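The values are calculated or read from the model by the stated rules, or taken from the named source; none is laboratory data. The structure presented is a predicted model; accordingly, all values stated were derived computationally and were not measured. No Cβ is skipped: glycine too gets one built from the backbone with ideal geometry, and neighbour counts run over all protein chains shown.
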Amino acid sequence: MAASAERIFSLGSTLLIGTVAVAQPGSTFAYTGEDAVLSALNVHHAHYGGVSNSILVLAEENITWPYLPAFFYEYNYLLMPRNHGFNLLLGVTPEINLFPLFMGRVSGLAEMGFLAEADNKPDQGFGFRIGGGFSAFGSTFGLTESSPVIRAGFVVNNLRFTYMYCTAKPIYINHQIAVGIKLDW
């Protein structure tokens, strides 16, 4: 009887060990819930929001009106998946002036982002960007202008500072400083 129980135990142990050895040879668990799908989609999208200030310059570079504050929203598409090294960014930035009212600007930019600017998540340290594009400014009281632009900026954690310069001559509103926050949490 002892030999029979030993055989049964040995046979059962062998079967159990063999089953465990071949169980789940690959990754069989995958979470496909809504937050996983959104996270997978979010590898290329970066969103910013903030305040900018443009300067009205007339008569041979004399500053005529230094306060043209605006709210802006900026959308960037990261051509490569987010990373913490280098990325190419395509972006659009609509903004609406707070004073005077009924003025606004839309800019389309292609930029290179380095370090934290190559990512779309906050709290990633320091990064910087540089690039160019085109900007169109308009108002309901007759002032409209458009120009190629160059822009440079840097980000510290989720706070970003940029400077944009309109290169066309003559143009009245050709300097802009902006402070924004990464909105991707």
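Can you tell me which condition Val92 does not meet? The list is (1) loosely packed, with under 15 Cβ neighbours inside 10 Å; (2) modelled with pLDDT under 95; (3) among the β-branched types (Val, Ile, Thr), and all the others hold.
It is condition (2) that Val92 fails.
Assess whether Ala46 counts as being within 21 Å of Ile181 (Cβ to Cβ), outside any helix (DSSP H, G or I) and modelled with pLDDT under 90.
Yes.
Look at Pro170 and say whether it is surrounded by fewer than 13 Cβ atoms within 10 Å (Cβ to Cβ) and outside any strand (DSSP E or B).
Spelling it out, Pro170 is indeed surrounded by fewer than 13 Cβ atoms within 10 Å (Cβ to Cβ) and outside any strand (DSSP E or B).
Could you list, in sequence order, all residues of region 116-144 that are within 19 Å of Arg82 (Cβ to Cβ) and in a strand (DSSP E or B)?
Phe126, Gly127, Phe128, Arg129, Ile130, Gly131
Mind checking which residues of region 145-161 are exposed (fewer than 15 other Cβ atoms within 10 Å of the Cβ) and in a loop (DSSP other than H, G, I, E, B)?
Within region 145-161, Asn157 is the sole residue that qualifies.
Pairs only if they're at least six apart or on different chains, beta carbon under 6 angstrom, first in region 163-175 and of a type in the set (D, E, K, R), second at pLDDT below 85; list them, first residue then second.
none
Just one of the numbered conditions (1) assigned to a strand (DSSP E or B); (2) at pLDDT below 90 is not true of Ser52; which one?
(2)
Is there any pair with a first residue in region 93-105 that is at negative phi and a second that is of a type in the set (Asp, Glu) whose Cβ atoms are under 7 Å apart and which are 6 or more apart or on different chains, and what are they?
Every condition considered, the pairs that remain are Thr93/Glu74; Gly104/Glu95; Arg105/Glu95.
Every residue, every condition in (1) of a type in the set (Lys, Arg); (2) surrounded by 15 or more Cβ atoms within 10 Å (Cβ to Cβ), yes or no:
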| position | (1), (2) |
| --- | --- |
| Tyr67 | no, no |
| Asn76 | no, yes |
| Ile96 | no, no |
| Gly104 | no, yes |
| Arg129 | yes, yes |
| Ala136 | no, no |
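Is it true that Leu115 is of a type in the set (A, V, I, L, M, F, W, C), closer than 19 Å to Asp184 by Cα and touching a Leu at 6+ places or on another chain (Cβ under 6 Å)?
Answer is no for this residue.
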